[in-house]
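Peer 1: I'd like to ask some things about the structure below.
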Amino acid sequence: MIVSVSYRTDIPAFHGTWFMNRLRAGFCRVTNPYGGKESTVSLAPADVDGFVFWTRNAGPFLPALDQIKARGFPFVVQFTITAYPRALEASVIEAERAVAQLRDLRDRFGARAAIWRYDPIAISSLTPTDWHRANFARLARSLAGAIDEVVVSFVQVYRKTRRNLDAAARRHGFSWRDPSIEEKSALLLRLAGCAKDHGMTLTLCTQPALARPDVPSARCIDATRLSDISGYAIAAPQQGNRPGCGCARSRDIGAYDTCPHGCVYCYAVQSPTLARKHFKGHNAGAERL
């Protein structure tokens, strides 16, 4: 089984000690966010084909990654770098530090071990379409040679996302909108061309309405990439999390409402206040996050 660590929260940045405690124990407990049922996920070497780590700050977790590699686990790091204004993401590290960390991951673990995520794309009066073109180009230049893929998507406007964006817009004096399919498609083509110019493929995460031949679908949980890293075949059937998702079958071990990065567009947080509260109450010795 491939284990996802975690698209529900940033475990490498904030909960790395908990993860390593669970890795040494050989298991963790996970609460299903849709119904509350608890289950056990084995983290034993015989049961784990590989890990996919999701983060905006790998720095605190780099020593753990060295240990994980030494234990023989293949892994991929999905590393989000967007460089948005603080009104949209209050507490993420500076883009320059993030770029340096991603390059460090490449140097330590190889060119296939990390993926850049410019995700999600938020269109606002602070970050209009032209701003994204320039911002993406600047980041792509700084990451050229470090990675071979960049994953993008547009903000998924759930009820909680709209509430958090509206509250931030009132507080900081900006406006935001969900662009048309045509506007999104035009921006995707521009970003894809820029990515290609810098030696990387742009892929689209689970937005089938925007799918097109020159913008392939992402496989964020990618058994093929893990096979390349491990040097042996990892077999995992495609089993996406929602329509259009090309991910391989995996188990996620995170929990919603536990990431204090403060990104107001995040689908995994009901409110930044609740996330900070849960983070402060986190027990690194518990069986579940």
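Peer 1: Choose one of Ile121, Val264, Pro243: the residue whose Cα lies farthest towards the positive end of the charge dipole of the chain (beta-carbon charges +1 Lys, Arg; -1 Asp, Glu; about the Cα centre).
Peer 2: Sorting the options by dipole projection puts first Val264.
Peer 1: How high is the relative contact order of the stretch 194-276, in percent, counting Cα pairs under 8 Å that sit 6 or more residues apart? Before the final figure, lay out the partial values.
Peer 2: Values: 98 pairs, mean separation 16.6, N = 83.
Taking the mean separation of contacting Cα pairs over the length of the stretch 194-276, I get 20 percent.
Peer 1: I want to verify the translational diffusion coefficient of the stretch 76-230 in µm²/s; compute it with Stokes-Einstein, Rh as the Kirkwood radius over Cα pairs, at 10 °C and 1.306 mPa s.
Peer 2: Details: Rh = 16.2 Å.
After rounding, the answer is 98 µm²/s.
Peer 1: In the chain, what cysteines have no partner Cβ closer than 4.7 Å?
Peer 2: Cys28, Cys194, Cys205, Cys220, Cys245, Cys247, Cys259
Peer 1: Find the relative contact order for the chain and round it to a whole percent, using C-alpha pairs within less than 8 Å whose residues are 6+ positions apart. Each step should come with its number before you reach the end.
Peer 2: On the way: 531 pairs, mean separation 70.8, N = 289.
After rounding, I find 25 percent.
Peer 1: OK, next. With a cap of 13 neighbouring Cβ atoms within 10 Å, and only residues DSSP puts in a loop, list the chymotrypsin sites (Phe, Trp or Tyr not before Pro) found in the stretch 1-78. Before the final figure, lay out each step's value.
Peer 2: Numbers: sites: Tyr7, Phe14, Trp18, Phe19, Phe27, Tyr34, Phe51, Phe53, Trp54, Phe61, Phe75; in loops: Tyr7, Tyr34.
Passing sites in the stretch 1-78 are Tyr34.
Peer 1: Here's a follow-up. Could you work out the mean projected area of the convex hull around the alpha carbons of the stretch 1-86, in square nanometres to one decimal?
Peer 2: Details: hull surface 25.8 nm².
Result: 6.5 nm².
Peer 1: Right, another one. Restricting the calculation to Cα positions, tell me the Rg (one decimal) and the Dmax (whole number) of the stretch 159-251 in Å.
Peer 2: 17.2, 52
Peer 1: Which value, in debye to the nearest 20, describes the size of the charge dipole of the stretch 2-280 about its Cα centre when Lys and Arg Cβ atoms bear +1, Asp and Glu Cβ atoms bear -1, and nothing else is charged? Before the final figure, lay out each step's value.
Peer 2: On the way: 37 positive and 24 negative charges, 145 e Å.
Its charge dipole is roughly 700 debye.
Peer 1: If you average the sequence gap of Cα pairs under 8 Å that are 6 or more apart and divide by the length of the stretch 1-65, what percent do you get for the contact order? Spell out each step's value before the answer.
Peer 2: Details: 85 pairs, mean separation 32.5, N = 65.
Relative contact order of the stretch 1-65: 50 percent.
Peer 1: Further question: Mind checking Rg over Rh on the chain, alpha carbons, Kirkwood formula for Rh?
Peer 2: Reported Rg/Rh (Cα atoms, Kirkwood Rh): 0.94.
Peer 1: Convex hull over the Cα atoms of the stretch 1-44, averaged projected area in nm²?
Peer 2: Values: hull surface 13.2 nm².
Hull-based average projected area comes out at 3.3 nm².
Peer 1: Quick one: what does P(r) look like for the stretch 78-148 with 5 Å bins over all Cα pairs, in whole %?
Peer 2: With a bin width of 5 Å, the distribution comes to 3, 17, 28, 24, 16, 8, 4, 1.
Peer 1: Nearest-5 percent of antiparallel DSSP beta bridges in the chain? List each step's numbers first, then the result.
Peer 2: On the way: 10 of 36 bridges.
DSSP beta bridges in the chain are roughly 30 percent antiparallel.
Peer 1: What is the spin-label model distance, in nm, from Asp66 to Ala167 if the labels are put 7 Å beyond Cα along the C-beta direction?
Peer 2: Label-label distance for Asp66 and Ala167, simple model: 4.0 nm.
Bear in mind these aren't lab numbers, they're just calculated from the coordinates by the rules spelled out. Everything numeric in this text was worked out from a predicted model, so none of it was measured. Cβ coordinates were reconstructed from backbone atoms using ideal geometry, including for glycine residues, and neighbour counts include every protein chain displayed.
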